[in-house]
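**Q** First the structure, then my questions, so here it is.
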Amino acid sequence: MVKAGDRFVEHFEIAPELHSGFIALFGDRHPLHTDLDYAKSLGFESVVVHGNVLCGFLFYFVGECFPEPDVVILSQNVKFPQPVYLNDRLRLDVEVLDVHDSVNVVEIECKFSNAAGKLVASARMNIGMIGGRRSPAT
């Protein structure tokens, strides 16, 4: 069972196929995400990856890596202080802030940093434990 102070780390890469797949799936072809000249005219290094790609990594973490079974995201607050670009390698650091056993909720803080160590996104999430938390023996 997780407890306040537990920490987890995952790594992700923004592959071009991920970027083009997101665009194909959701149809968001805004020039900031698709037109290099446009993105550079706004002062960016390259096209900017959609923030919701990082949200997908958060959903992956909660559903596949978080060490509690039967979880559901109840709420999230995500901030994107810096852009993310194609081929960026990201580190996701997650910390359990609090555990509320009385309501089966775990609060976590998530921070994405790029290879240069710059914070590019952060999130706070409340995760619900469907059916309550289970001990490691069950």
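**Q** Is at least one residue of the range 90-112 assigned to a loop (DSSP other than H, G, I, E, B), in contact with a strand residue (DSSP E or B) (Cβ under 8 Å, 6 or more places away or on another chain), farther than 22 Å from residue 132 by Cβ and not aliphatic (A, V, I, L, M)?
**A** no
**Q** So which residues in the range 9-60 are assigned to a strand (DSSP E or B) and out of contact with any Cys (no Cβ under 8 Å at 6 or more places or on another chain)?
**A** Taking the range 9-60 first, the residues assigned to a strand (DSSP E or B) are 9-13, 48.
Once the filter is applied, which keeps residues that are assigned to a strand (DSSP E or B) and out of contact with any Cys (no Cβ under 8 Å at 6 or more places or on another chain), the range 9-60 yields 9, 11, 12, 13, 48.
**Q** Also, I was wondering about something else. Within the range 1-54, take every residue that is over 18 Å from residue 120 (Cα atoms) and among the aromatic types (Phe, Trp, Tyr) and give me the one that is surrounded by the fewest Cβ atoms within 10 Å (Cβ to Cβ).
**A** 26
**Q** Is there any pair linking a residue in the range 31-49 that is free of Cβ contacts under 8 Å to residues at least 12 places away in the same chain and acidic (Asp, Glu) to one that is surrounded by 13 or more Cβ atoms within 10 Å (Cβ to Cβ) and in a helix (DSSP H, G or I), with Cβ under 9 Å and at least six apart or on different chains, and which?
**A** The qualifying pairs are 37/31.
**Q** Further question: Looking only at the range 55-75, filter to residues that are in contact with an Asp or Glu (Cβ under 9 Å, 6 or more places away or on another chain) and surrounded by fewer than 15 Cβ atoms within 10 Å (Cβ to Cβ); which one of those is farthest from residue 113 (Cα to Cα)?
**A** This residue is 67.
Read-outs: derived from the displayed coordinates by stated rules, not from any lab. Please read all numbers here as calculations on a predicted model, not as lab measurements. Neighbour counts run over all protein chains shown; Cβ positions are idealised from the backbone, glycine included.
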